[in-house]
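First the structure, in the form of structure tokens, and then the observations on it.
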Amino acid sequence: MHCIPGGRTAALSLVLAASLAGAPAWSAGMEVAGVRVPEQLSEGGHALVLNGAGLRSKFVVKVYVAALYVKQKTSDAAALINSTEPRRMRLQLLRDVDSKSLDEALQDGLRDNTSAQELAALREPAQRLSGLMAEIGTAREGDVIDLDFDARGVAVTSNGKLRGRIDSPEFARALLRVWLGDSPAQASLKKALLGI
């Protein structure tokens, strides 16, 4: 008779373990390189869910953790790039990075994923991005830079302070291709952002 309560406990433990194993990995958020990445954010009254997150490193140096938030999860890069729904790319710095280095990395990513003709047409918004990065100045370890994409373009925020907007849907798509394009900044990071 004494074994019945224990049996119930064991059965309950098995049920609980099975239900936890079946839960999506992102449901409780995740941790990347020691950074806690929440599963949801609220942007302009919209609830955004974590699509994926990963580490950006360069020459084995950890630079930032990138997290992509969307209205509806998908592993389709083109759908994410071309969407008019709100999306947020959150970069949390793992080391100090001066604005010039950050801007150069973004501009390199734009060149790698945009045709010369399209890049020429986007010169003005690209220069605006450089100006916004200069305003941020040196991003310190732990700082957060948010790039909020919508149907009109992209807004740049650092540590919760809006730095400015670039109202160009074409430029917003080009900027998102820095991480999700055919020649992304880092292939492993692209996969992580797509939840693959």
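The values are calculated or read from the model by the stated rules, or taken from the named source; none is laboratory data. It should be emphasised that the depicted structure is a prediction, and the values quoted were computed from it without experimental measurement. No Cβ is skipped: glycine too gets one built from the backbone with ideal geometry, and neighbour counts run over all protein chains shown. Note: areas computed on protein heavy atoms with side chains; ligands, DNA, RNA excluded. Shrake-Rupley method; radii C 1.70, N 1.55, O 1.52, S 1.80 Å.
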Item to check | Residues of the stretch 33-47 satisfying the condition of being part of a strand (DSSP E or B) and over 14 Å from residue 95 (Cα atoms) | outcome: 36, 37, 40, 41, 42, 43, 46, 47
Next on the checklist: Name the residue that is least open to solvent (accessible area, probe 1.4 Å), counting only residues in the stretch 145-168 that are without any contact (Cβ under 8 Å) to a residue 40 or more places away in the chain and not in a strand (DSSP E or B).
Outcome noted: 153
Next on the checklist: Test of understanding: among 119, 68, 50, 80, which residue is out of contact with any Ser or Thr (no Cβ under 6 Å at 6 or more places or on another chain), part of a helix (DSSP H, G or I) and closer than 27 Å to residue 196 by Cα?
Outcome noted: 80
Next on the checklist: Within the stretch 83-106, take every residue that is over 15 Å from residue 194 (Cα atoms) and of a type in the set (Gly, Ala, Ser) and give me the one that is nearest to the chain's Cα centre (by Cα).
Outcome noted: 105
Checklist entry - So which pairs qualify, if the first residue must be in the stretch 64-83 and closer than 18 Å to residue 46 by Cα and in contact (Cβ under 8 Å) with a residue 12 or more places away in the chain, the second must be among the acidic types (Asp, Glu) and surrounded by fewer than 16 Cβ atoms within 10 Å (Cβ to Cβ), the Cβ gap must be under 9 Å, and the two must be at least 6 apart or on different chains? => result 70/85; 71/85; 72/85
Next on the checklist: With the requirement that a residue be under 29 Å from residue 79 (Cβ atoms) and open to solvent by less than 10 Å² (accessible area, probe 1.4 Å), what does the stretch 128-144 give you?
Outcome noted: 129, 132, 133
Checklist entry - Which of the residues spanning the stretch 95-127 are surrounded by fewer than 18 Cβ atoms within 10 Å (Cβ to Cβ) and among the charged types (D, E, K, R)? => result 95, 96, 98, 100, 104, 108, 111, 112, 118, 123, 124
Checklist outcome for this item: Across the stretch 83-111, the tally of residues that are more than 18 Å from residue 154 (Cβ to Cβ) and in a helix (DSSP H, G or I) stands at 3
Checklist entry - What tally of residues in the stretch 56-65 results from selecting those that are more than 19 Å from residue 183 (Cβ to Cβ), at pLDDT below 95 and either open to solvent by less than 50 Å² (accessible area, probe 1.4 Å) or assigned to a strand (DSSP E or B) (or both)? => result 2
